[in-house]
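One structure is given here, and the rest of the page talks about it.
Computed from the coordinates by the stated procedures, all read-outs in this text should not be read as laboratory data. In this text, all values refer to a predicted model and were calculated from it rather than measured experimentally. Methodologically, a virtual Cβ is constructed for each residue, glycine included, from the backbone with ideal geometry; neighbour enumeration extends over all protein chains shown.
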Amino acid sequence: MTFRVALVGMPNVGKTALFNKLTGSFQRVANFPGVTVEKKTGWISEHGQRIIEVIDLPGIYSLDATTLDEKVTKDFLLQKEKERLADLFVLVLDATNLDKSLFLAYQLKELGYPLVIALNLMDEAHKRGFEIDLAKFSQELGAVIIPTSASTGAGLSDLKNLLKTKMGQEVIPSIELPQNYQKVFRSPPYVNGIFKKVDSLIKDVTLSPLRPDTFSERVDHLVLHPVWGILILFLLLILMFQTLFTWASPLQDMLESGFAFLSEIVSTYVQNDLLRSLLADGIISGVGGVLVFLPQIMILFLFIQFLEDLGYLGRAAFLMDSFMRKIGLPGKAVIPLLSSHACAIPGILSTRVIDNHRERLITMLVIPLTTCSARLPVYAILIGALIPNEPFMGMSWIKLPGLALFALYVLGFVSALIVSLVFKKSLPQSSPSMLLMELPPYRIPKWNNLLVVMQNKGKIFLKKAGGIILIVSIVIWFLMTFPQQGGETQLEQSYAAHIGRFFEPVFRPLGFDWRITTALIPSIGAREVVVSALSMVLSIQEGTEGFETTMSEALVAQFGLGSLVALLIWFVFAPQCISTFAVLKRETNSWRWPLVMGTYTLALAYFFAWLARLLVNLWS
């Protein structure tokens, strides 16, 4: 049985960065048994063989857990998880914040856990003049202490070697918990007693005290300013959406050329007409057309992770807290809302940091209104059809397409805030939560960590593209290919056309004919598929060079301006993919709230799409 190690520690101590360094590319992401909290598992390998399994537990401040994320870690530590117990725990401490990090260390020590301590961020601590007596520190805590720096890799080899020496040890016995331990963990005598031990220990082992982080304080005077801070936040978002177009364009061209080459190979060497159509029009066209937008999605992941590693996301939550509370959301909701711009599913899962049930429910219900990365392919095509690629007011660094994309994201985010205010008025009142969070010092993100995170996120997207989108694309191809009539009327006589015409009367007020209606149906499974579906109904070979331009020109030629604007607005509000409903059902343990979410988003999408078409037609 593989030797198992669990990493545990406070949030923002560099635990995940340490995990990435230890395991490298030998990682996978799953969920803890019975819950939907993400669990990262990796392996330390030697000569190509996996020898040590490493689990990255969610961050926790103490065993008196309040949020759902923390409760998962607490249950794991207290052996309440339906999960094999770890053979050893590596407690990651922040050398620049020992007074708070050591509280959890004393709790684990009192319960008898075998610990190895990774004293992380030692490079930053040394820069601020901090010196510590490691031998005395180790003796007082009764654990081996390895100074580390996850950013530079210092101490990692020592930590790996120590873990190897621990292999083969027996699994620890059951932990003896005090009676009524929940009350004990919260009692003032218990808490004060540990803090006294922490203060005494730090005084005993500190050789040179830590200098204040004056740089972070100076930056925070600007970043957390009620006016300048908001302006900086908006400028960062505008920059992000500009890079989605400018940086991704060359990579998208390369992918388009690659899929065009694949299509040529299929057309040349596959003789059977039906098989050639399946491979070229169904598989390569369907999946390839979505993968063309992978660079934009990866850049979005990169940007969000960069802001998190920089230490900015927590400050964004702090900055928006007072405003968010007025509309029924806590400041902590900013992080799930921002992360939902990558995907709504991890956004919903990250609401576990909100301990108030009502506030968490409202946040989950409005998350679908934020613009997830699955909408990017649809937005890119429609913006290309509607907005000329020209500078804004003569500023070459701001292009109209990027500005239009930013406006769509703002529309979704503002709509989420307005709807949350409605839910605040309609859902039962409860005591509001307080914003208590540790603001980490500003740190320069390390590219290797950013690339590992981006790689893992990309794998998740590719897995989705290789699964759901592949299946849906083949189904769409089948519906558009059969029954085979032959000739120019083939598509109009297909099963897809019959389905589209059946629903066409419902969508006719929005300016959607049977072709758009047909394309909308599979988007319920995955939004990205609508690009493939539209290319098929318009008879455009997807995955070929110049596909985006050809697609945009065809949309303009065959549909009116009002219909295209209505379609764009539809995707701002339309219900999320099926996976989002499934996750919301699991998080709320009820189908009631997924139905509420689906009903109100569908109503908003229909109304505002109709209104947008009406206004465009009146204006033109």
Sequence of Asp123, Asp133 once ranked by neighbouring C-beta atoms within 10 Å, starting from the fewest | Asp133, Asp123
Hey, what angle do you get for helix 357-366 against the long axis of the chain, alpha-carbon based, 0 to 90 degrees rounded to 10?
-> 30 degrees
Quick note on Trp447, Trp593, ordering by fewest other C-beta atoms within 10 Å, gives Trp447, Trp593
Once you sort the root eigenvalues of the Cα gyration tensor of the stretch 3-211 as a ≥ b ≥ c, which label holds: rounded (a/c under 1.5), prolate (a/b larger than b/c) or oblate (the other case)?
-> oblate
Using packing as a proxy for protection, rank 146-153, 44-51, 361-368 so that the peptide with the highest average count of other Cβ atoms within 10 Å comes first.
-> 361-368, 146-153, 44-51
Please order Ser420, Ser138, Ser200 by the number of other Cβ within 10 Å, starting at the fewest.
-> Ser200, Ser138, Ser420
May I ask for the angle, rounded to the nearest 10°, between helix 376-386 and the longest principal axis of the chain, with both axes built from Cα atoms and the value confined to 0 to 90°?
-> 40 degrees
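Please compute the contact order of the stretch 3-211 in relative form: average sequence separation of alpha-carbon pairs under 8 Å and at least six residues apart, divided by the residue count, as a percent. It would help to have the intermediate numbers written out before the result.
Numbers: 344 pairs, mean separation 46.6, N = 209.
Computed value for the stretch 3-211: 22 percent relative contact order.
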Specify the angular offset, from 0 to 90 degrees and rounded to the nearest 10, of the alpha carbon long axis of helix 447-464 from the longest principal axis of the alpha carbons in the chain.
-> 50 degrees
In what sequence, highest mean first, do 207-217, 111-121 appear when ranked by Cβ atoms within 10 angstrom?
-> 111-121, 207-217
In the list (i) 180; (ii) 216; (iii) 158, the entry giving volume of the Cα convex hull per residue in Å³ computed from the coordinates is (i)
Considering Cα pairs under 8 angstrom that are at least six residues apart, work out the relative contact order of the stretch 216-371 and quote it in whole percent.
-> 18 percent
